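The structure appears right after this line, and notes come after that.
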Amino acid sequence: MARDWTAQRPKPGRIAGYLLLLVAGAVVGAAGSLVQAAWVPAGLLLALLGSAGLFYGARRALGTQLAVGAAGVGWLVAIVLLSLGRPEGDAMFGAGIGPLVFILGGMAVAVMCATLGRMPQPGDGAGRLDR
């Protein structure tokens, strides 16, 4: 009988991995916020590809949906904090469709990476599971 991951004690290496992904998500979110407005069509594509690389890499590195969630939380916190603006009226995101595509597209990519099927297990795959 397989044990549920919630019933096991978290390993220090895995916790460090999730914290690292949280920080990496914040860095990629902040960098994407800057790049998406700098070079109008190419910057948006570069920012979305960077976010997709982070989310898919998180899924491949730790093999769990929680890894994508940790990276996604860091990414989203950075995006929200940068979009709040200041009392003087300065804001990181300007008006237009680009910032909206970046925010919604990044969230959509995070959801797609989190809902991928099970990651392939190591091995040659030649054996049968029922034997």
- Message: Going through A24, A42, A30 one at a time, which residue ends up being assigned to a helix (DSSP H, G or I), without any contact (Cβ under 8 Å) to a residue 40 or more places away in the chain and surrounded by fewer than 20 Cβ atoms within 10 Å (Cβ to Cβ)?
- Response: A42
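Let's see how each residue does on (1) at pLDDT 85 or above; (2) under 23 Å from K11 (Cβ atoms); (3) aromatic (F, W, Y):
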site	(1), (2), (3)
L34	yes, no, no
G43	yes, no, no
G50	yes, no, no
G69	yes, yes, no
L82	no, no, no
F102	yes, no, yes
G117	no, no, no
G125	no, no, no
- Filtered residues of segment 1-21 (kept if within 15 Å of Q65 (Cα to Cα), in a helix (DSSP H, G or I) and modelled with pLDDT under 90): W5, T6, R14, I15
- Query: Considering V73, V101, which residue is among the β-branched types (V, I, T) and more than 25 Å from V40 (Cα to Cα)?
  - Reply: V73
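The values are calculated or read from the model by the stated rules, or taken from the named source; none is laboratory data. If you're wondering where the values come from, they're calculated on a predicted model, not measured in any experiment. Ideal geometry is used to build each Cβ from the backbone, glycine not excepted, and the neighbour counts take in all protein chains shown.
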